[in-house]
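Down below is the structure, laid out as C-alpha cells.
The values are calculated or read from the model by the stated rules, or taken from the named source; none is laboratory data. Worth saying up front: this structure is predicted, and the values here are computed from it rather than measured. Note that each Cβ is placed from the backbone with ideal geometry, even for glycine, and that neighbours are counted across all protein chains shown. In case anyone asks, the SASA skips ligands and DNA or RNA and just uses the protein heavy atoms, side chains included. Shrake-Rupley method; radii C 1.70, N 1.55, O 1.52, S 1.80 Å.
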Number of protein chains: 2
Amino acid sequence: MYEGPIQDLIDELGRLPGVGPKGAQRIAFHILQADKADVERLAHTLREVTEKVRFCEVCFNISEADTCRVCRDPRRDRSAICVVEESKDVMAVERTHEFRGLYHVLGGAISPIDNIGPADLRIRELCTRLADAQVTEVIIATDPNLEGEATATFLSRLLIPMGVTVSRLASGLPVGGDLEYADEVTLGRAFQGRRQLTA
Amino acid sequence: MYEGPIQDLIDELGRLPGVGPKGAQRIAFHILQADKADVERLAHTLREVTEKVRFCEVCFNISEADTCRVCRDPRRDRSAICVVEESKDVMAVERTHEFRGLYHVLGGAISPIDNIGPADLRIRELCTRLADAQVTEVIIATDPNLEGEATATFLSRLLIPMGVTVSRLASGLPVGGDLEYADEVTLGRAFQGRRQLTA
C-alpha cells in the first residue's frame, strides 16, 4: 500500500465503473506527474457536473437549463417522440442523424429482479406529453434485451389505445457483422423482419 | 456531443491513461448519478495528491514527508539498494516481501528513441549514496525490456568498479505459466539461468 494521499486517490479512482486496481494506480501516477492546472481542471469539472447538470423538465434528458437542447430546438419535429432508457441513448440516436423528433428518457427499464416496475419509470410523464394532440408517433428505442423488451411491450399496450402510432426499432443483423457469428435470436429476428427487395 | 459540464468532464476523463471515449462517458454518467459527497471526495483527493505528494530526498520514491516510509524505517537493511525505474516498481517489489533493503528510483530508463540518456536519470544521486560504505550490494530491478536492459548494463559497468556487488533480477519462465506459450527469448533466458537441483 502507498502512503496517504496517493493511496486515497487510488481507492477513489478504483470505485469508478470500468477502472480496476491496476488502472486506478496507472491514473494516479499519471496525475502525480501531470500539470497542476490539468488536475485542477479535472477536479473542477467533477464538481461542476454535480452542481450544474440537471434534467430537462419535459423529456428528462440531461440539461444545463430547465429544458434540454433538443426540446428547445424549434426545428425539431414535435409530432414524434423517441422513448429511450437513459440520456446516453439520446446521444446514440442523435449520432445516427436519422431522427428529428423529440425524446423521452424513462430513467431505466422494467426489471422485476431489480425491483423496478412501471411506477419507477417516467411513464406517467410520457402519457401527459401524449395528451398533447401534436404527438402522432412514438418510437420505442429501449435496449434489445429482456428488460428493454418487457418495457417496450408494456408501453405498446398502454400507448396504442391512446391513438398514437407506436413502433419499435428493428432487430436484425448488425451492419458489418458476420452471419456465421450472429446468435440464434438475432438471426431469427432478422428472418422475421426480412424486407422484400424490389427491382 | 453533450451540453456544457458533462462534455467537459467526458473530455477531461478521456485524457487519463487507459480511459477511452466510451469509458469516459460511462464514468461521467456514474458521477452524475453518484452521491455529491463521493464526488467531492474524489475531487479533493485529486487536489491533495498534487499538493501533498513529494519525492523522497534519499531514494526518490513518492513520499508525504522529506524521506519515504522505507528510508525512515529503522528495521530496513541499509547495506542493500534495489534500483528500480519508477515508484510503482517499489510497490511491486514490496509486495513480494523478498527484499528488506532500501530502494533507489531512477525516474525512467535509458532510451535513445525518447531522448533519455543517463544524465536524465537519478544515477549521480545513486553514486553519491554508494559513497556511503554501508552499501555493499546493488540489485538492478529495471524492467526486462530493451530500455531496462540497456540501463542495467550501463549501471553495472559504472557500479562494479566502485566495489559493490551488483546483481540483476533473474529472467525466466513466469510461475504458473505454460512452457508452450513462452516466447523464445524468455525460454532462452530460462535455459541460461537453469539451476542445478540437489537430492
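For the reader, a short list of remarks on this structure follows.
- Residue satisfying all of: in region B:61-86; part of a strand (DSSP E or B) and not aliphatic (A, V, I, L, M); farthest from residue A:23 (Cα to Cα) among these: B:82
- Residues satisfying the stated conditions in region A:175-199, i.e. in a loop (DSSP other than H, G, I, E, B) and loosely packed, with under 10 Cβ neighbours inside 10 Å: A:175, A:176, A:178, A:183, A:194, A:195, A:196, A:197, A:198, A:199
This table checks each residue for (1) more than 22 Å from residue B:10 (Cβ to Cβ); (2) within 14 Å of chain B (Cβ to nearest Cβ).
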position: A:61; (1), (2): no, yes
position: A:66; (1), (2): yes, yes
position: A:76; (1), (2): yes, no
position: A:103; (1), (2): no, yes
position: A:107; (1), (2): no, yes
position: A:111; (1), (2): yes, no
position: A:123; (1), (2): yes, no
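- Output for region B:87-140, where each listed residue is open to solvent by 50 Å² or more (accessible area, probe 1.4 Å), at pLDDT 90 or above and outside any helix (DSSP H, G or I): B:100, B:115, B:116, B:122, B:136, B:137
- Residues located in region A:1-16, provided they are without any contact (Cβ under 8 Å) to a residue 12 or more places away in the chain, more than 7 Å from chain B (Cβ to nearest Cβ) and part of a helix (DSSP H, G or I): A:7, A:14
- Taking residues in region A:80-99 that are at the interface with chain B (Cβ under 10 Å from one of its Cβ atoms), and partners anywhere that are surrounded by 17 or more Cβ atoms within 10 Å (Cβ to Cβ) and charged (D, E, K, R), the pairs with Cβ atoms closer than 9 Å and at least 6 places apart or on different chains are A:88/B:26.
- Residue ID - farthest from residue B:79 (Cα to Cα), chosen from residues in region B:133-169 that are of a type in the set (Asp, Glu) and without any contact (Cβ under 8 Å) to a residue 40 or more places away in the chain: B:147
- Filter pass, residue B:19 being at the interface with chain A (Cβ under 8 Å from one of its Cβ atoms) and touching a helix residue (DSSP H, G or I) at 6+ places or on another chain (Cβ under 6 Å): yes
- Members of region B:1-51 found to be open to solvent by less than 10 Å² (accessible area, probe 1.4 Å) and small (Gly, Ala, Ser), listed by number: B:24, B:28, B:43
- Scan of region B:22-35 for residues that are within 17 Å of residue A:11 (Cα to Cα) and either within 7 Å of chain A (Cβ to nearest Cβ) or among the polar types (S, T, N, Q) (or both), ordered by number: B:27, B:30, B:31
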